[in-house]
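First up is the structure itself, then whatever we jot down about it.
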Amino acid sequence: MDEEENVGTDSAATLVGRDTEVPADPDMDEDKEKTRTQWDNKIQYLLAQIGFAVGLGNVWRFPYLCQKNGGGAFLIPYFIMMIIEGIPLFYLEIAIGQRLRRGSVGVWNHIHPYLGGVGIASMVVCFFIALYYNVIIAWASLYFLNSFRSLPWESCPVVEDDLGNFTEVQECAISSPTSYFWYRNTLNISPSIEEPGAPEWKLVLCLLLAWAIVFAGTFKGIKSSGKVVYFSATFPYLVLLIFFFRAISLDGAVGGLAYMVTPDYEKLKDPNVWRDAATQIFFSLGLGFGGVIAYSSYNDFKNNCRKDALTVSLINSATSIFASVVVFSVLGFKAHAMNKECNERNIEHIHSFFNERDDAADLKHVLNLLNADNYYEIIEYVNNTMHLNQSPMLNEWIEHTNTSLTDFKSCSMSSELDKAVSGPGLAFIAFTEAMTKMPGGPFWSVLFFSMLINLGLGSMFGTMEGIITPLKDLGLKLRKEICVAIICFVSFAVGLIFCLRSGMYVVNLFDSYAGTLPLLLIAFFENIAVVYVYGMERFSKDLDDMMGNGPPGWFWKVTWYAVSPICMAVLFISSVVSLGLNTPTYGSYDDETGLSVDTEYPWWGVAVIVLLILCSIIWIPLVAFLRWSGILPYMTPDSASKKNKLSSRTESPFV
């Protein structure tokens, strides 16, 4: 039997860092004691949980949500949802995993056989997320490798025409060098999801490298991943700190921060803002994945899990806010630089046009004074004064440039910051463009993408644990190394669809639907299972036994009994209604305009969305039905001799 087989315990050995003998919980195993690996120390465990919770979403989704949902006002619903939803559920998952010392399948099987499908659903969601999450690591790896030379996304490539003239590639000229490198050089993206194209060999090799790293970090379970987290969980903070001190010294950083934090309290009236806040807290902490339960199952029984839940939750939220400060400082610098370039281009065109004219001397005199320092004052004068006079020269300028007076105001930092995006667009387009304008761009690029890789790996280790540990709960007899190797190989093979020319569209599909509705439903059943099936009285006694400070207070009981389940139910129902009322869309790339265009998924794309959701949540009612009907007997991972436990466990709806 594998040394990390999951067993229950009422007490834990004081020695850690090696396999320790622990007495078995009489509710789980009356026959014999088992061995189970534990964390080397408390710091290692906390770093693993932090590495799992703090991921790419903290860096490229939270800043976008702040910008989209009222700036500083968004922090109000965010912290409210963290208090009433995030921390209580995180505490519950850590506590039940530590108490029952099993993975997600074993925990819910133990509470009641009918709930075994909850753990399987978590495992399926983890598998889906691991498939596409490692592709993002592959993208970051490709940019990381390209950062050790002059940044290839710094300028547009040139081509020679029939007359021997060299001009920029048109697709790049109409968009930007960073956008062109991302869409064309990296992804070689197709026009739509219906045109898959062939795999891009660069992405295939980077994906293979990413899965090799994940295998190396997880093939011995926490014995290997526990060592890696010392680096993968701490290095991103070092990079963020370095970026922070560099970013706040850049021109435009203050404007970027002001744009981020300026509150728009009107946004708080929009229910979608509250749903975004709740969803961000929910998925940022990794609730429902099974990784939190798996990690805590290797804890010392007497560990203070409530303190851990508060610590990790607060660090996760603080990281999101700190990362937003860094991101918007850099984006403010980018907006300032782009605005300056825009002004200079306008000044050059205006001077070039008016210097060739002899009439309208008053207008010419004023516009000849135009420079970067007085740009806005002069333009305001042109719009407010000369527009009233209807100057012939100005009318000629308007007709010549096919523009309007209002276009004089098109250069502004706010308009540039309005273009801030989330996800890959933020990391691979907006941020890379900012780094091309920073002195020592390759150095900052190396730091940034190494940080993204480490953030991704920290989350991947927890996600893999959410797959491997439940497989052991189901009685898988393979050695851990072989099990991890098979999972990595299968995931790499399936992940090749993300390396097709349409791969980014498929990544967006998985990211939007594979782990949204299913995780809400999974966490809802987890909450109900612990409070109403396992029983609050029994759970309260377990918490007292583990920490020795009495039963949980009224706040925890109120949130577990009612607030958290209601919150998740509302989120689930509103998400289902939104999905039903609005046809799912994705951003297809138009190479003629260099822009992303909202496009409806084809019928089979909608079918894939429904299938992804059903493939995970179907296990919850399916396992309950099969066990209720007696088709699927309750089997522990230990031996077939325990099959007689089914009748005794199912006589009552409570264990």
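The values are calculated or read from the model by the stated rules, or taken from the named source; none is laboratory data. Bear in mind that the values here come from a model prediction, so they are computed numbers and not experimental data. Here the Cβ positions follow ideal geometry from the backbone for every residue, glycine too, while neighbour counts run over all protein chains shown. For accessibility, only protein heavy atoms count, side chains too; no ligands or nucleic acids. Shrake-Rupley method; radii C 1.70, N 1.55, O 1.52, S 1.80 Å.
At a glance:
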quantity	calculated
Among (1) surrounded by fewer than 23 Cβ atoms within 10 Å (Cβ to Cβ); (2) under 30 Å from MET338 (Cα atoms); (3) among the aliphatic types (A, V, I, L, M), the one test that LEU131 misses	(2)
GLY291 under 16 Å from the mean Cα position of the chain (by Cα) and surrounded by 24 or more Cβ atoms within 10 Å (Cβ to Cβ)	yes
Candidate set: the stretch 137-155, residues that are open to solvent by 20 Å² or more (accessible area, probe 1.4 Å) and either β-branched (Val, Ile, Thr) or in a loop (DSSP other than H, G, I, E, B) (or both); chosen: the one modelled with the lowest pLDDT	ARG149
Test: residue in the stretch 307-321 that is more than 20 Å from LEU417 (Cβ to Cβ), among the basic types (Lys, Arg) and assigned to a helix (DSSP H, G or I)	yes
Considering residues of the stretch 322-340 that are open to solvent by 10 Å² or more (accessible area, probe 1.4 Å) and touching a Cys at 6+ places or on another chain (Cβ under 9 Å) only, the residue farthest from LEU56 (Cα to Cα)	LYS340
Hits in the stretch 179-203 - residues which are within 22 Å of the chain's Cα centre (by Cα) and part of a helix (DSSP H, G or I)	SER179, TRP182, TYR183, THR186, LEU203
Sole residue being assigned to a helix (DSSP H, G or I), over 30 Å from LEU517 (Cα atoms) and open to solvent by 10 Å² or more (accessible area, probe 1.4 Å), chosen from PHE283, PHE244	PHE244
Verdict on PHE244 being of a type in the set (A, V, I, L, M, F, W, C) and at pLDDT 85 or above	yes
Filtered residues of the stretch 48-86 (kept if under 18 Å from the mean Cα position of the chain (by Cα), of a type in the set (Val, Ile, Thr) and in a helix (DSSP H, G or I))	ILE50, VAL59
Qualifying positions in the stretch 544-555 - in contact with a helix residue (DSSP H, G or I) (Cβ under 6 Å, 6 or more places away or on another chain) and buried (at least 17 other Cβ atoms within 10 Å of the Cβ)	PRO552
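Every residue, every condition in (1) free of Cβ contacts under 8 Å to residues at least 40 places away in the same chain; (2) of a type outside the set (A, V, I, L, M); (3) outside any helix (DSSP H, G or I), yes or no:
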| site | (1), (2), (3) |
| --- | --- |
| GLY458 | no, yes, no |
| MET464 | no, no, no |
| VAL506 | no, no, no |
| GLU526 | no, yes, no |
| VAL531 | yes, no, no |
| TYR534 | no, yes, no |
| PHE539 | no, yes, no |
